[in-house]
Structure formats: C-alpha cells, structure tokens
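One structure below.
The values are calculated or read from the model by the stated rules, or taken from the named source; none is laboratory data. Please read these numbers as outputs of a predicted model, since none were measured by experiment. Glycine gets a Cβ as well: all are built from the backbone with ideal geometry, and neighbour counts include every protein chain shown.
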Amino acid sequence: MKISEFLHLALPEEQWLPTISGVLRQFAEEECYVYECQPCWYLGKGCQVRLHINADGTQATFIDDAGEQQWAVDSIADCARRFMAHPQVKGRRVYGQVGFNFAAHAREIAFNAGEWPLLTLTVPREELIFEKGNVTVYADSADGCRR
C-alpha cells in the first residue's frame with residue numbers, strides 16, 4: 001500500500017529547479033529518475049520493480065525484491081504489456097527510458113547493439129511530485145515520506 005504526504009512549499013516557480021537539484025544532491029548515492037511534464041516535475045527514487053530489455057532486444061529481465069526472471073523477447077510491446085499488468089506495477093507511475101537504437105530495432109533496420117539497454121521500465125520505491133508550489137511524497141511507509 002502506498003502512503004502519501006502532501007507538503008505545501010511557498011516556492012515561486014523559478015525556484016523549483018534549484019530545489020529539485022538540491023534534492024538530487026541529497027540523494028546522490030541513490031538511484032533517481034527525473035522528468036518534467038508541465039506543469040509538474042516528477043522525481044522517483046529507488047526501484048520497486050523493473051523491466052529491462054537488453055541492447056539487441058532479444059532478452060527481457062524482470063527484477064523485483066524476489067530476484068530476477070528472464071525470458072526471450074518475441075515482442076517488446078508484449079513484454080511491456082506483461083510488465084504493466086504485474087500486480088506490483090498496477091496503479092503506480094512507471095518511469096521509462098528508451099535506448100537510442102530503439103527506432104532502428106522497431107523498424108528492423110540493422111544497427112550495432114552496443115551495451116545500453118534498448119528499453120527500461122521502472123516503478124520507483126518513492127516518488128516526489130512538484131506541482132504549483134506543492135510537493136506530494138509517495139512511499140511505502142510514513143518514515144519514507146518524511147525522509
């Protein structure tokens with residue numbers, strides 16, 4: 001179950017970015033994900049569950065607290081749907097990263113796979129949402145919200 005805390009910050013919009021940068025510095029040793037979708041900034045911390053598609057798009061790895069499961073990829077879309085249907089993902093925000101070669105892979109154009117994953121989908125353990133001078137903190141515990 002997710003616990004949330006709503007905090008009001010009397011911050012003008014021009015101070016959001018320095019504040020978010022400060023939060024990222026505070027958690028520099030932790031895994032963090034950030035994106036902006038006007039009018040909000042989203043900051044995810046840690047990893048609850050993750051889907052990782054390898055660089056050449058042939059193998060999927062599902063990672064959670066129980067460990068790793070791997071399977072061959074028939075369809076990246078089907079792997080993503082399978083991930084999104086997982087109970088640990090339902091109702092949670094998913095942070096995604098698509099590798100540079102994804103477009104070539106999707107169009108079946110030859111490319112050098114390299115080392116970076118083709119696709120990564122992650123559900124963070126904790127999340128901070130900055131919107132209109134307010135911050136909403138989502139975590140699995142009240143202590144996580146107050147950190």
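Are any residues in segment 33-46 free of Cβ contacts under 8 Å to residues at least 60 places away in the same chain and part of a strand (DSSP E or B), and if so, which ones? If the condition is that a residue be free of Cβ contacts under 8 Å to residues at least 60 places away in the same chain and part of a strand (DSSP E or B), then Val34, Glu36, Cys37 are the ones that fit.
One line per residue, one yes/no per condition, for (1) in contact (Cβ under 8 Å) with a residue 40 or more places away in the chain; (2) closer than 18 Å to Tyr35 by Cβ:
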residue: Asp64; (1), (2): no, no
residue: Gln69; (1), (2): no, no
residue: Val98; (1), (2): no, yes
residue: Glu127; (1), (2): yes, yes
residue: Val135; (1), (2): yes, yes
residue: Asp140; (1), (2): yes, no
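Across segment 53-67, the qualifying residues are those that are buried (at least 18 other Cβ atoms within 10 Å of the Cβ) and either outside the structural domain of Asp78 (by TED's automatic domain parsing) or not in a loop (DSSP other than H, G, I, E, B) (or both), and the one among them that is farthest from the chain's Cα centre (by Cα) is Ala60.
Being surrounded by 14 or more Cβ atoms within 10 Å (Cβ to Cβ) and in contact with a Cys (Cβ under 8 Å, 6 or more places away or on another chain) holds for only one residue in Val94, Val73, Val98, and it is Val73. With Val34, Val98 as the choices, which residue is of a type in the set (Val, Ile, Thr), under 20 Å from the mean Cα position of the chain (by Cα) and more than 23 Å from Glu131 (Cβ to Cβ)? After applying the criteria, what remains is Val98. When segment 117-141 is filtered for residues that are under 25 Å from Phe83 (Cβ atoms), surrounded by fewer than 17 Cβ atoms within 10 Å (Cβ to Cβ) and of a type outside the set (D, E, K, R), the ones remaining, listed by number, are Thr136, Ser141.
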